[in-house]
1. Look through Ala197, Ala191, Ala178 and report the one residue that is more than 12 Å from the ligand (Cβ to nearest atom), in a helix (DSSP H, G or I), touching a Lys or Arg at 6+ places or on another chain (Cβ under 6 Å) and not assigned by TED's automatic domain parsing to the domain that holds Leu55.
2. Determine, yes or no, whether Asp62 is more than 11 Å from the ligand (Cβ to nearest atom), free of Cβ contacts under 8 Å to residues at least 12 places away in the same chain and either charged (D, E, K, R) or surrounded by fewer than 20 Cβ atoms within 10 Å (Cβ to Cβ) (or both).
3. Confirm whether Thr119 is without any contact (Cβ under 8 Å) to a residue 60 or more places away in the chain, farther than 24 Å from Arg206 by Cα and away from the ligand (no atom under 11 Å from the Cβ).
4. How many residues are over 10 Å from Ala167 (Cβ atoms) and among the polar types (S, T, N, Q) when one looks only at region 88-104?
5. What are the residues in region 128-168 that are more than 18 Å from the chain's Cα centre (by Cα), of a type outside the set (A, V, I, L, M, F, W, C) and outside any helix (DSSP H, G or I), if any?
6. Considering (1) within 16 Å of the ligand (Cβ to nearest atom); (2) in a loop (DSSP other than H, G, I, E, B); (3) among the polar types (S, T, N, Q), say which one Thr73 fails and leave the rest.
7. Would you check which residues across region 1-58 are acidic (Asp, Glu), closer than 25 Å to Ala178 by Cα and part of a helix (DSSP H, G or I) and list them?
8. Which condition does Val28 not pass, out of (1) loosely packed, with under 12 Cβ neighbours inside 10 Å; (2) under 17 Å from Arg14 (Cβ atoms); (3) aliphatic (A, V, I, L, M), if it passes all the others?
Amino acid sequence: MKIYDWPTGPYPARVRIALAEKNLQSAVQFVTVDLRKGEHKTADFLATKNYSGTLPVLELDDGTLIAECTAITEYLDALDAAQTLTGTTPRDRGVIHMMNKRAELELLDAISVYFHHATPGLGPQVEIYQNEEWGLRQRDKAVRGMRYFDSVLRQQPFVAGEAFSMADITVVGGLIFASLVKLPVPVECEALVAWYARMQQRPSVRHQLAMVPPPREPAA
Ligand SMILES: N[C@@H](CCC(=O)N[C@@H](CS)C(=O)NCC(=O)O)C(=O)O
């Protein structure tokens, strides 16, 4: 298997964590695609690797291409019967999928829009259209998302309930992105910060290149 990759990106980090959780790192060859040079937006990459122009992309030995972190994680998780990341029962699969999607919509993807629209992002060569107001709205949405996940983690040890899952990986991706863009976690989000500290104890998470604690708002 090959993964078209950007080594410090928060989305590729999700797949690296999934690979480590499944003990599959040695089954994969990483191929770096330079985001800052816009290599992911070339006509050739869009036509032959990923129409959406994003990383990571998994390429199987038979040439099948799977983009989208959630899809890649589902594929990797289904390679063995344990399905530790996406759940085994219908109930667990549904809840994990919901919380994973929320982690994308309310946190990670919102920070990504903020990065691309209200900061220099990947630079002028790549960021050919920016809408600062939209970016700032998404930044505020991400902060609300942090408060939401804090409220969830006050009730349960993991994002989707009693066990670690793909939804935790996606929130970790969100907090990695928050640290890259220096978006502080609200000071009252103590459960979220404590959960993140626990996540960093997991070997799969600890070894991420971009793993630095997100900044916190100073206490009033
Ligand atoms: N929905 C996609 C988003 C992937 C994504 O945004 N990846 C970043 C890398 S960290 C990227 O390719 N950004 C480049 C761009 O949007 O121009 C997924 O889950 O895989």
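The values are calculated or read from the model by the stated rules, or taken from the named source; none is laboratory data. Just so we're clear, the structure is a prediction, and the values are computed from it rather than from any experiment. All Cβ positions, even for glycine, are placed from backbone atoms using ideal geometry, and neighbour counts span all protein chains on display.
1. Numbers: Ala197 fails: touching a Lys or Arg at 6+ places or on another chain (Cβ under 6 Å); Ala178 fails: touching a Lys or Arg at 6+ places or on another chain (Cβ under 6 Å).
That would be Ala191, the only listed residue that is more than 12 Å from the ligand (Cβ to nearest atom), in a helix (DSSP H, G or I), touching a Lys or Arg at 6+ places or on another chain (Cβ under 6 Å) and not assigned by TED's automatic domain parsing to the domain that holds Leu55.
2. Numbers: more than 11 Å from the ligand (Cβ to nearest atom): yes; free of Cβ contacts under 8 Å to residues at least 12 places away in the same chain: yes; either charged (D, E, K, R) or surrounded by fewer than 20 Cβ atoms within 10 Å (Cβ to Cβ) (or both): yes.
Yes.
3. On the way: without any contact (Cβ under 8 Å) to a residue 60 or more places away in the chain: no; farther than 24 Å from Arg206 by Cα: yes; away from the ligand (no atom under 11 Å from the Cβ): yes.
In short, no.
4. Just the residues of region 88-104 that are over 10 Å from Ala167 (Cβ atoms), to begin with: 88-94.
Narrowing further to those that are among the polar types (S, T, N, Q): 88-89.
Residues meeting the conditions: 2.
5. Tyr129, Gln130, Asn131, Gln156, Pro157, Gly161, Glu162
6. All conditions are met except number (2).
7. Restricting attention to region 1-58, the residues satisfying the condition of being acidic (Asp, Glu) are 5, 21, 34, 39, 44.
Applying the additional criterion that residues be closer than 25 Å to Ala178 by Cα yields 5, 21, 34, 39.
Correct list: Glu21, Glu39.
8. (1)
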